[in-house]
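Please treat every number below as a calculation from the coordinates, not as lab data. The shown structure was predicted, so the numbers you read here are calculated from the model rather than taken from an experiment. Here the Cβ is made from the backbone with ideal geometry for all residues, glycine too, and neighbour counts use every protein chain on show.
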Amino acid sequence: TQLLEQSPQFLSIQEGENLTVYCNSSSVFSSLQWYRQEPGEGPVLLVTVVTGGEVKKLKRLTFQFGDARKDSSLHITAAQPGDTGLYLCAGAPGTYKYIFGTGTRLKVLA
Amino acid sequence: DTAVSQTPKYLVTQMGNDKSIKCEQNLGHDTMYWYKQDSKKFLKIMFSYNNKELIINETVPNRFSPKSPDKAHLNLHINSLELGDSAVYFCASSQLGAGNTIYFGEGSWLTVV
């Protein structure tokens, strides 16, 4: 069974701090996505990475796809309360579906 | 206009009942999905349809039956509801193929009592 493990599972930090969320698997993925989900809503795509070693930046968020395409990380610089939410990575082992990670619940305190 | 809309948003029902959740997307996508999110926020795919044809069925009990009358609609019918079916069910759509954005509905919160 393909599994995407995220760590940490929960994270509570003060505004202005930096943090990194990890997404790890033993499987190779053709692409990997990161989503953010806010309470009462569905997940919303943040980024898609497709090339091993790829780094993408979205304002204060930096996403990296591992060289072997088995893992990814999300780094947030100077976190803000608006970053609070559930962060989900999702990997595509093939063409037709994405497997979602176990999730990281982030709370940024003002 | 809501891209992926699902109804109802909240559903409380008794064990043994049959219920349906409806989903519609206006994005012109050819692929639609049903996901289940449990109390630990784990999001697991249940079904996927491409152009009305079932392409993914992830070990879901037979009590769950999806129906896609056209590629813009994917409904989920659940027979003989059990306590363990309580969860948030998300409908989603995308263009077929890895790397495409999956657009999610707001979720349907099902509580079985």
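Can you tell me what share of the DSSP beta bridges in chain B is antiparallel? A percent to the nearest 5 is fine.
Just about 90 percent of them are antiparallel.
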Determine ³J(HN,Hα), in whole Hz, for all residues of the range B:87-95 in sequence, where each value follows from phi through the Karplus function 6.51 cos²θ - 1.76 cosθ + 1.60 and θ = phi - 60°; x replaces Gly and Pro.
4, 9, 9, 10, 8, 8, 8, 6, 6
Between B:Glu58 and B:Gln95, with labels modelled 7 Å along Cα→Cβ, what's the label distance in nm to one decimal, could you check?
2.3 nm
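Is there a simple number for the mean count of other chain Cβ atoms within 10 Å of the Cβ of residues in B:102-109, and what is it?
Shielding by partners across B:102-109 averages 4.
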Residue separation between A:His75 and A:Lys59 times 0.36 nm, minus their alpha-carbon distance, gives in nm 4.7 nm
Rounded to the nearest 5, the percent of antiparallel DSSP beta bridges in chain A equals 90 percent
What residues have an amide H closer than 5 Å to that of B:Ile56, excluding those fewer than 5 places away on the same chain, when H is modeled at 1.01 Å from N in the peptide plane?
B:Ser48
Rg and Dmax of the range B:61-113, Cα atoms, in Å?
13.1, 39
So who's got an amide H within less than 5 Å of the one on B:Gly97, skipping anything under 5 residues away but keeping other chains? H placed 1.01 Å off N, in plane.
none
Starting from the 7 Å offset along Cα-to-Cβ, what nm value, one decimal, do you get for the label separation of A:Phe10 and B:Thr13?
3.3 nm
What is the Cα convex hull volume of the range A:32-93 when expressed per residue in Å³?
75 Å³
Working from the pairwise distances between different alpha carbons, so that the mean of 1/r is found and then inverted, what is the range B:1-110's Kirkwood radius in Å?
13.9 Å
For the protein assembly as shown, the Cα gyration tensor yields equivalent-ellipsoid semi-axes (√(5λ), largest first, whole Å) of 30, 20, 16
Just to be sure I understand the model, the point goes 7 Å from the Cα along the line to the Cβ. What's the resulting B:Thr2 to B:Leu27 distance in nm?
1.5 nm
Please report how far the C-alpha centroid of the range B:25-46 lies from that of the range B:77-113, rounded to the nearest whole angstrom.
5 Å
Please compute, over every Cα-Cα pair in chain A, the percentage with a separation greater than 18 angstrom.
44 percent
Taking each residue in A:37-43, count the Cβ atoms of any other chain within 10 Å of its Cβ, then average. What number comes out?
6
